[in-house]
Amino acid sequence: MLCLVVLSIEYHGFAQKAAPQLGKAPIKAIVAAMTLEEKAKLVVGNGFHMPGLSTPSGPTIGQTQDKVPGAAGTTFALPRLGIPSIVVSDGPAGVRIEPIRNKDSSKTYYATAWPVATLLASSWDTSLVKKVGVAFGQEVREYGIDVILGPALNIHRNPLGGRNFEYYSEDPLVAGSITAAMVKGIQSNGVGTSIKHFAANNQETDRNTVNTIVSERALREIYLKGFEIAVKQSHPWTVMSSYNYINGTYTSESYDLLTTILRKEWGYKGFVMTDWFGGKDPVAQIKSGNNLLMPGTADQAKKILDAVNSGALDEKVLDENVAGILEIILKSPAFKSYKYSDKPNLKQDAAVSRMAATEGMVLLKNDNKALPFTKAIHKIALFGINGYELIAGGTGSGDVNKAYSISLAQGLSAAGYTVDAAVKKSYTDYITEEKIKHPKKGFIEEFMHPTPPMTEMQANNELVAARAGENDIAVIAIGRNAGEGRDRKLEADYNLDETETMMIKTVTNFFHSLHKNVVVVLNIGGVINVSDWKDGVDGILLAWQPGLEGGNAITDILSGKVNPSGKLASTFPASYNDVPSAKNFPGKEFPEKAVTGMMGMKMIPAEVTYEEGIYVGYRYYNTFNVPVTYEFGYGLSYTSFNYTGLKLSSTSFNGKITAKVTVTNTGKVAGKEVVQLYLSAPAGKLNKPAQELKGFAKTGLLQPGKSQTITFTLHPEDLASFDESSSSWIAEPGTYTVKIGASSSKINQAATFILAKELVTEKDNKVLVPQVSINELKKM
Ligand code: BGC
């Protein structure tokens, strides 16, 4: 106590002589030494510096020299208190900064394009994802960045979501666990992450105006759960609030979301930043616990300052937000004056990227032993523009400025296959012509008026016929790209267009007539329609958007160098109309209330109601017996696995239960298996999905005949669902079935246990209540 008094006298004394310095004096003393104006500037970023674009409210305040050109933003520096500016940069698939500075290409700043999130999630391998994170974080640190704006983990509510490639899964356990692994990996480098977009940001249409109307239960179980897992397991330095409203309040202005749930219920200790220009009312944002407003405008700082002066905002609340930012700045490389090299180990990272890409590719179909290529396969006829131009990752802030990307044609050639020259020439000529017709635009222009994706080249019957005889196999690449600002379309995007369908038909006709196989490689970021054409071809490899080494990684799988072990973390439905959110995506617009927003963009108020409730993805298909094309958890291997000996630690639940199962490689080549644990609950007062994923694990590389025993542990919260009437998580009594499977429908082993009495596993606050009634889907 005495010691404290002495300290405070000393600081009081210092304030008159020298200002306290961050890291030397307690944060409280730093905050106390800040002027109101300085506080208002610290909670507002330094502005947005894009060539040809200034912030809407004119010149920005407190402009520091941007340290890292092309980074998304910086915070305000206060040298007199030892507070440096920190740099935040996109994004989830790799560092996104300007690769060339001052037109000097003698030194470049390219980064590794990692495989996109949908691919990483399909690996179901948290140690692999952590490994990627460790390498990724090294690039963040060596490029002088303090916080990377990722990973992103919104739920794949609908396949048309434009940013699904940036997100992991339709299931919150997969999304949360993979996020936690990525955060741990990145942050092990002494840099921070920003998990985003918190929360229920599941569409791009009207992203800044849409009111997401969703039940408390669906929010808690589906849309918040992944964030909760990530926050509790990996302590991300920052969280990014989303653009949308939830039940009538902007997420960045929601005390219930950012303080009651995130901090009080989950114990979150980092800071929250807005998405870029997100929300409307800076004072409400500060009051809600949204510490930092990005990228920041002078107008926001002024409003905050005025609010304190008028008494509308308690300065103590502002102080808490400031302190939250300072706690993180204290850990940052900028604060530690880290001498970054601008020379991350890109060569080593490219190898990690290639390896990771092979781990998350999913073999969807493999008839006639089409894959892996046998020793007799040397000559390959490669069709489809994406065979020659890889889509390494998606667009927008989730894009990465990479030095190169390896096309499938390049990957096949590098592995010693002969890619048919005549076919290749027809595609490369076509691509060149198309590029001349649609020259590349600047970032902003592209964002406002995107160039339509290059259409597929018409298959030339004579060429295909002539080359079928000359080659050993046909490979067809189908590509899709999307990104922020726009959702995907049903026609010519989710569904193949006519040219693509014709190409598949023509190629299969000619190659099959000569008894040669046809394999399709899907170079896509999100789910597409495969139902209409899959029966015609022999093999389908879902390669996702595999990062800059994509062509090599795809070849590793096609050639059998790597045995595929990825499984779907989102369902491929039989038809788009079967998607539970299809009739509520992207919701309703109110054009009569439209206003003009930033950069002259029309802002149309909108709302979307999550009528499907908790029945998202497999939770819906399994419960309502809706057939799908490829189910959640599905993926083939070049070998086969057997599951034996499922044993529960007890037949009654008492605190926890463990489930052990042995997996054996029964095939002829080494391989890895993703083992999934689903739990079915007894019927009770709460509606329950037929089954829910409660655990997953990937085996090591099992040699033929070798086994591995996997142990899962179920805790009380794994049995519980959110009961809106009591705002608590309850597990109802009765018989639970543990199902261990190779996918959500391929259950290999099952066992039951009994829960004798109802358990209340957690009591929460009654918050984020919908303002209108929702006609929510229920199982009768
Ligand atoms: C995106 C964020 C991104 C930010 C900064 C926003 O438009 O929604 O995901 O991190 O821009 O570039």
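Rg and Dmax over the alpha-carbon atoms of the chain stand at 26.7, 93 Å. Electrostatic tally near Val400: other residues with Cβ closer than 11 Å to its Cβ, Lys and Arg +1, Asp and Glu -1, net -1.
By definition, a body whose alpha carbon gyration tensor gives a ≥ b ≥ c is prolate when a/c is 1.5 or more and a/b is larger than b/c, and region 184-254 fits this prolate description. What are the GluC sites (Glu not before Pro) within region 144-225 that DSSP puts in a loop, where the Cβ has at most 11 other Cβ atoms within 10 Å? Here no GluC sites (Glu not before Pro) fit, given the DSSP loop and packing criteria. Contact order for the chain, expressed relative to its length and based on alpha carbon pairs under 8 Å spaced 6+ residues apart, stands at 14 percent. In loop segments of region 513-617 as defined by DSSP, the trypsin sites (Lys or Arg not before Pro) with at most 15 further C-beta atoms inside 10 Å of their C-beta are Lys561. When only alpha carbons are used to place a centre, region 484-506 and region 137-152 end up 35 Å from one another. Approximating the spin labels as points 7 Å out from Cα along Cα→Cβ, the Glu433-to-Lys336 distance works out to 5.6 nm. Taking the DSSP bridge list for the chain and keeping only pairs wholly inside it, about 60 percent are antiparallel.
The charge dipole of region 583-716, taken about its Cα centre with unit charges on the Cβ of Lys, Arg, Asp and Glu (plus for the first two, minus for the last two), comes to roughly 540 debye.
For a modelled paramagnetic label at Ala403, 7 Å from Cα along Cα-to-Cβ, no residue of region 124-145 is in reach, as no backbone nitrogen comes under 13 Å. Note on region 405-428 and region 244-264: Cα centroid distance 51 Å, given to the nearest whole angstrom. Applied to region 772-780, the Karplus parametrisation 6.51 cos²θ - 1.76 cosθ + 1.60 on θ = phi - 60° returns per-residue 3J(HN,Hα) values of 10, 7, 10, 7, 7, 5, 9, 8, 6 Hz, with x for Gly and Pro.
Please list, or write none, the lysines whose alpha carbon is within less than 24 Å of the alpha carbon of Lys375, excluding same-chain residues fewer than 8 places away. Leaving aside lysines fewer than 8 places away in the same chain, those within reach of Lys375 are Lys365, Lys424, Lys516, Lys561, Lys668, Lys672. Quick check on region 194-234: take the gyration tensor over C-alpha atoms, sort the square-rooted eigenvalues as a ≥ b ≥ c, and tell me if it's rounded (a/c under 1.5), prolate or oblate. In terms of gyration-tensor shape, oblate.
Structure note, pairs Lys685/Lys757; Lys343/Lys441; Lys746/Lys779; Lys24/Lys316: Cα-Cα distances above 19 angstrom occur for Lys343/Lys441; Lys746/Lys779; Lys24/Lys316.
Straight-line cross-link partners of Lys196 among the aspartates and glutamates, defined as a Cα under 15 Å from its Cα and at least 8 positions apart when in the same chain: Asp90, Glu166, Glu204, Glu228, Asp275, Glu484. For the set Lys489, Lys379, the ranking by accessible area, highest first and with no ligand, DNA or RNA atoms included, is Lys489, Lys379 under a 1.4 Å probe.
Here the chain is assigned +1 on the Cβ of each Lys and Arg and -1 on the Cβ of each Asp and Glu. Its dipole about the Cα centre then comes out at about 1960 debye. Which of Asn309, Pro586, Ser105 sits closest to the plus end of the dipole of the chain, meaning its Cα is farthest towards the positive end, when Lys and Arg get +1 and Asp and Glu get -1 on the C-beta? Of Asn309, Pro586, Ser105, it is Ser105. Note on Lys269 and Glu470: their simple-model spin labels are 6.6 nm apart, each label 7 Å out from Cα toward Cβ. Once backbone amide H atoms are built at 1.01 Å from N, Ser728 has Asp723, Asp764 as its partners under 5 Å, excluding neighbours fewer than 5 places away on the same chain. Which one of Ser426, Tyr404, Gly416 has its Cα pushed farthest toward the positive end of the charge dipole of region 400-442, where Lys and Arg give +1 and Asp and Glu give -1 at the Cβ? It is Tyr404, whose Cα lies furthest towards the positive end. Positive-end ranking of Ile657, Thr249, Asn622 along the dipole of the chain, with charges on Cβ about the Cα centre, is headed by Ile657. With a ≥ b ≥ c taken as the square roots of the eigenvalues of the C-alpha gyration tensor of region 541-591, please select rounded if a/c is under 1.5 and otherwise prolate if a/b is larger than b/c or oblate if it is not? Verdict is prolate for region 541-591. Each residue of region 734-751 is assigned a 3J(HN,Hα), and the resulting list reads x, 9, 9, 10, 8, 10, 9, x, 8, 6, 5, 10, 9, 8, 9, 9, 9, 7 Hz, derived from the Karplus form 6.51 cos²θ - 1.76 cosθ + 1.60 (θ = phi - 60°), x at Gly and Pro. Amide H contacts of Asp472: His378, Lys379, Ile380, Ala381, each under 5 Å away and 5 or more positions distant or on a separate chain (H built 1.01 Å from N in the peptide plane; Pro and chain starts excluded). Close amide H pairs (under 5 Å, H built 1.01 Å from N) link Gly192 with Val147, Ile148, residues at least 5 positions away or on another chain. Measuring r between the beta carbons of His378 and Asn460 and using R0 = 25 Å, the FRET efficiency lands at 0.60.
The values are calculated or read from the model by the stated rules, or taken from the named source; none is laboratory data. Only a predicted model underlies this, so the values are computations on that prediction, with no experimental measurement involved. With ideal geometry, Cβ positions are generated from the backbone for all residues, glycine too; neighbour counts draw on all protein chains shown. Only protein heavy atoms, including side chains, enter the accessible area calculation; ligands, DNA and RNA are left aside. Shrake-Rupley method; radii C 1.70, N 1.55, O 1.52, S 1.80 Å.
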